[in-house]
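Asks: Dropping a structure here in structure tokens format, bear with me for questions.
The values are calculated or read from the model by the stated rules, or taken from the named source; none is laboratory data. All figures in this text were calculated on a predicted structure; none of them were measured in a lab. Every residue, glycine among them, receives a Cβ derived from its backbone with ideal geometry; neighbour counts consider all protein chains shown. Heads up: the accessible areas ignore ligands, DNA and RNA and are worked out on the full protein's heavy atoms, side chains in. Shrake-Rupley method; radii C 1.70, N 1.55, O 1.52, S 1.80 Å.
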Amino acid sequence: MKHRYTAMLGAFGLAAMLAGAVSAQSQSNGEPRQPLRLAQAANAGKEAPSRPASTREVQVRVFVPSGKVHADDPAEYVEVDGERYVHFRSRHLKSPARPLGDPNLRYPTGILTQRNGAVVVQLLIDEHGEVLRSDIVCAAPVFERSALESVQGLRFQPAVAREGPVKSYMLVEFSYGKGYPCGRIPN
């Protein structure tokens, strides 16, 4: 599968989506929603297992800010657990982070409550190209586990700044079926 870098969101839209990743989202029962991480997806016993998926079932897009991004723009950097990550396509980088392979696409098995949906995953990539953390930004819940399993084992050529390889982040959307948006982008 060929990765398609899509200028889908402007810098404002990307910043708004990141703000949604940082703040807790509400579930339908009103309790705060905690981010689902890769380790949780691998150990989630009550969810249906997944199977390999074809590129017709799952499409992958990487969110790239369009327009000019300034150094003080909130989309330029993200801070997680006290560590600063630069956007993988920042204009301050000598070379962007690039995947060394395609994701191992997965699709949930069993009876699905919905056939169409999307999941946006924020990947935090270290200076060596390893994915340190995968967090759900927004999702159609039935596809969360499959999206996180799809990024397991991904390796990257790390982003490089003047001082050498740096930590970076990217937002990746997995669209299932018709790929309806995973949710409203917060203001």
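Asks: Could you compute the FRET efficiency for R115 and H92, with r as their C-beta to C-beta distance and R0 at 25 Å, rounded to 0.05? Mind dumping the intermediate values first?
Replies: Values: r = 41 Å, r/R0 = 1.65.
The calculated FRET efficiency here is 0.05.
Asks: Quick one: which residues, 5+ away or cross-chain, put their amide H under 5 Å from the amide H of C138? H built at 1.01 Å from N.
Replies: Result for C138 returns V120.
Asks: How large is log10 of I(q)/I(0) for region 93-175 at q = 0.12, 0.18, 0.22 Å⁻¹ when the intensity is taken from the Debye formula with one equal scatterer per alpha-carbon?
Replies: -0.38, -0.73, -0.96
Asks: Do you know the relative contact order of region 94-179, to the nearest whole percent, from alpha carbon pairs under 8 angstrom that are 6+ apart?
Replies: Answer for region 94-179 is 44 percent.
Asks: Going 7 Å from the Cα of E127 toward and past its Cβ, which residues in region 152-180 have a backbone nitrogen under 17 Å from where you end up?
Replies: Taking a point 7 Å out along Cα→Cβ of E127, the residues of region 152-180 whose backbone N falls under 17 Å are 156-169.
Asks: Using a 1.4 Å probe and ignoring any ligands, DNA or RNA, find the accessible area of V86 and quote it in Å² to the nearest 10.
Replies: So the heavy atoms of V86 present about 10 Å² to solvent.
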